[in-house]
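The block underneath contains the structure these notes are about, expressed in structure tokens.
The values are calculated or read from the model by the stated rules, or taken from the named source; none is laboratory data. Not measured: the values here are computed from a predicted model. As a convention, Cβ positions derive from the backbone with ideal geometry for all residues, glycine included, and neighbour counts pool all protein chains shown. These area figures cover heavy atoms from the full protein model, side chains too; ligands, DNA and RNA do not enter into them. Shrake-Rupley method; radii C 1.70, N 1.55, O 1.52, S 1.80 Å.
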Amino acid sequence: MVYAAAALHWTRPEGRWSRAAALLNPEGVFASFGGQVQPTDPAVAESVRAARAPFLESDEVPSSDGTDPDEEVQWPGTELQRSPLFLDVQQSVVKRRLTTSASDHVGYLSTVSAYLQLPQSRGQQAYDEIMRVLPETVEIAADIIVHLARRRSE
């Protein structure tokens, strides 16, 4: 099995699937787990968006292949479906609703790609501004999108 969790978008797109397939035996399984984490309260989400705006337009990871967020199958499932190296592509969503402290939520944000790409001082400013607008506890939607695909037999 090859497993990727919320980091697949960091890999080079050219040859991504041939590299993954090369690590698998025929009929081996590729698994990807990821998803966005957002406050469930629309007012809190808007406050966070406004606090983040001077630093980042969005903190979401865009689809590597341009798949619209409203499509039934999401990336990387869309690329796996098009790859001649994989079959039996499946997508499942594990719904999760959690409550966390404001500081833990900001700690999570410090692991998100968009923030990691900011210069350290700008990232800290963003965290400080977001922390300023968050309530003491934050209810979040933290759904996990799971993609599974089996390598074709040779």
Item to check | Members of region 55-107 found to be open to solvent by 30 Å² or more (accessible area, probe 1.4 Å) and among the hydrophobic types (A, V, I, L, M, F, W, C), listed by number | outcome: Phe55, Val61, Val73, Trp75, Leu85, Leu87, Val89, Val93, Val94, Leu98
Next on the checklist: Quick test of your reading of the structure: Glu27 fulfils all but one of (1) open to solvent by less than 50 Å² (accessible area, probe 1.4 Å); (2) outside any helix (DSSP H, G or I); (3) touching a strand residue (DSSP E or B) at 6+ places or on another chain (Cβ under 7 Å). Name the failing condition by number.
Outcome noted: (1)
Next on the checklist: Tell me whether region 80-89 contains one or more residues that are closer than 15 Å to Ala149 by Cβ and under 12 Å from the mean Cα position of the chain (by Cα).
Outcome noted: no
Item to check | Count of region 59-89 residues which are in contact with a His (Cβ under 7 Å, 6 or more places away or on another chain) and either at pLDDT below 90 or not aliphatic (A, V, I, L, M) (or both) | outcome: 4
Checklist entry - Given Leu148, Leu134, Leu118, which one is more than 17 Å from Gln38 (Cα to Cα) and surrounded by 18 or more Cβ atoms within 10 Å (Cβ to Cβ)? => result Leu148
